[in-house]
Structure formats: C-alpha cells, structure tokens
Amino acid sequence: MGEVDAELARLRADVPRRAADAPTVVRTHDKPVVAPAVGMAAAAATIVTPAPGMAAAVSVPKPNPADYVPTGTDLADPKNFGVLPDAADLEMGALSVLEYRQRLIQKIEFATSILHTSGVPAAVWREWRVWEKTAQERLRAAGG
C-alpha cells in the first residue's frame, strides 16, 4: 500500500503544474469544445484538436470559403462561374476616345449582368464590383 500512496501523492502534487500547461479546451465525450473564454469568433476560425492526455492543442486555420474562385465560364451556372475581369480592358491604349468609351460601356454592361446574377461566388463578385466602379470612373473621365 505504501507504494500506491506515494504514487498518488506524487500525482496530486503534479496536478497544478499540468493544469497550468493545459490548453483552453474542455473534453466532453471525446469531442473538443472550445472554452467560453476563447469566444465564438475565435472558435469558428479554428479547428481545435486535443492531443492525447493533457498535451497542448493544435490549431489549424480553416480555409475561407469566401475566397474560393471556381473555374467555370458560363454565367448560366453562377455557382461555378469564375471568370475574373481583365484589367487591360480599363486601359485606353491606342483606341480613340469614342472607341474606348464604347468598349467600356459594353464591358460595364457585362459586369452589371454578373453583379446582378444571384449565386456568383463572393470572391468573383467582389473583383467584378471593383472593376465596374473603376470602369465607371474612367468612363466619366473620358467624357461619358
């Protein structure tokens, strides 16, 4: 019995040190749950995987689904539409002012159709919105 008591006393003395090194993760039925002190936003941004025992947890950032850019080219399938605007279309180059304005108007109409299509991925939509704003500014500057 003396050996068991000595081992139990050693483990009890070691508990405060282990508690200080423990991650901010509570285990319930072997499923990791982030402690409330971390906050819901931080909990949503990481996946917490507890290691065996009381070892520190590993946090792996989740990919942001809003940054996903598909590769489809057909606007009839908006969820897979991934065509991004061409910055070269904003440049006048060797075109006359009239030709440049006509090209901008045509491209702005296409950009507007993309912006008004429901289901276009957010990353693609944002790129077209920035392009469309810039094109509108350049059209106004070109006398439109």
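What follows is calculated from the coordinates using simple rules that are stated; it is not laboratory data. What you see is a predicted model, and the numbers here were worked out from it, not measured in a lab. All Cβ positions, even for glycine, are placed from backbone atoms using ideal geometry, and neighbour counts span all protein chains on display.
Taking only the stretch 110-124 into account, find how many residues are hydroxyl-bearing (S, T, Y) and under 19 Å from T71 (Cβ atoms). Full working, then the answer.
Residues of the stretch 110-124 that are hydroxyl-bearing (S, T, Y), as a first pass: 112-113, 117-118.
Filter once more, keeping what is under 19 Å from T71 (Cβ atoms): 117.
Matching residues across the stretch 110-124 total 1.
Tell me whether the stretch 67-87 contains one or more residues that are part of a helix (DSSP H, G or I), aromatic (F, W, Y) and touching a residue at least 40 places away in the same chain (Cβ under 8 Å). Lay out the reasoning, then the answer.
We begin by selecting, within the stretch 67-87, every residue part of a helix (DSSP H, G or I); these are 67, 78-80, 87.
Subset that is aromatic (F, W, Y): none.
Within the stretch 67-87, not a single residue is part of a helix (DSSP H, G or I), aromatic (F, W, Y) and touching a residue at least 40 places away in the same chain (Cβ under 8 Å).
Taking V120, is it buried (at least 18 other Cβ atoms within 10 Å of the Cβ) and in contact with a helix residue (DSSP H, G or I) (Cβ under 7 Å, 6 or more places away or on another chain)? Show your work before the answer.
On the way: buried (at least 18 other Cβ atoms within 10 Å of the Cβ): yes; in contact with a helix residue (DSSP H, G or I) (Cβ under 7 Å, 6 or more places away or on another chain): yes.
For V120, the condition - buried (at least 18 other Cβ atoms within 10 Å of the Cβ) and in contact with a helix residue (DSSP H, G or I) (Cβ under 7 Å, 6 or more places away or on another chain) - is met.
Could you list, in sequence order, all residues of the stretch 85-102 that are exposed (fewer than 13 other Cβ atoms within 10 Å of the Cβ), under 34 Å from the mean Cα position of the chain (by Cα) and among the aliphatic types (A, V, I, L, M)?
If the condition is that a residue be exposed (fewer than 13 other Cβ atoms within 10 Å of the Cβ), under 34 Å from the mean Cα position of the chain (by Cα) and among the aliphatic types (A, V, I, L, M), then A87, A88 are the ones that fit.
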